[in-house]
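Step one of this worksheet: look at the structure below.
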Amino acid sequence: MSLTGVSLVLAVVFAVCGYIFSKGKGTALLAAFIMLTPDERRTIDLPTLCRRLHKVMYYYCGGFMLMALFTLLNWSLLYWMSIAVFVYCIYLTIQAVRKAKDEV
């Protein structure tokens, strides 16, 4: 499978995860949730955290779409834009998790 195909598949996966998270579901997809003890799980409002993360999933989807366009058109600007989107997504993820911890 080419890099374009892989990027498109990942874009679809992140779009589906974004949809699931927008409904407040999908806590099993969060790696941190699986590692928490039952007492710690009760202290975090996981549906709210999932709803916050759904926008980030859509941004990741957009980053992978830019990467697919880069592989098709070979424009270096698209590559750097996708890298910027991924860095921004990491920042947004960290902020969402910090807000979830602060609200407890």
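The values are calculated or read from the model by the stated rules, or taken from the named source; none is laboratory data. None of the values given here were measured: they were computed from a predicted structure. Note that each Cβ is placed from the backbone with ideal geometry, even for glycine, and that neighbours are counted across all protein chains shown. These area figures cover heavy atoms from the full protein model, side chains too; ligands, DNA and RNA do not enter into them. Shrake-Rupley method; radii C 1.70, N 1.55, O 1.52, S 1.80 Å.
Give the residues of the stretch 14-43 that are under 22 Å from residue 71 (Cβ atoms) and open to solvent by 70 Å² or more (accessible area, probe 1.4 Å), sorted by residue number. The answer is 16, and nothing else. In the stretch 82-93, the residues that are under 9 Å from residue 63 (Cβ atoms) form Cβ pairs under 9 Å with partners that are among the hydroxyl-bearing types (Ser, Thr, Tyr) and surrounded by 14 or more Cβ atoms within 10 Å (Cβ to Cβ), at six or more places apart or across chains, as follows: 82/7; 85/59; 85/60; 86/59; 86/60; 88/59; 89/59; 89/60. Screening the candidates 57, 67, 81 for the property of being aliphatic (A, V, I, L, M), at pLDDT 85 or above, open to solvent by 80 Å² or more (accessible area, probe 1.4 Å) and touching a helix residue (DSSP H, G or I) at 6+ places or on another chain (Cβ under 9 Å) yields one hit, 81. I'd like to check something: does the stretch 42-51 contain any residue that is among the β-branched types (Val, Ile, Thr), part of a helix (DSSP H, G or I), without any contact (Cβ under 8 Å) to a residue 40 or more places away in the chain and under 20 Å from residue 97 (Cα atoms)? No: zero hits.
Residues that are open to solvent by 30 Å² or more (accessible area, probe 1.4 Å) and not in a loop (DSSP other than H, G, I, E, B) within the stretch 1-13 comprise 3, 6, 8, 9, 10, 12, 13, listed in sequence order.
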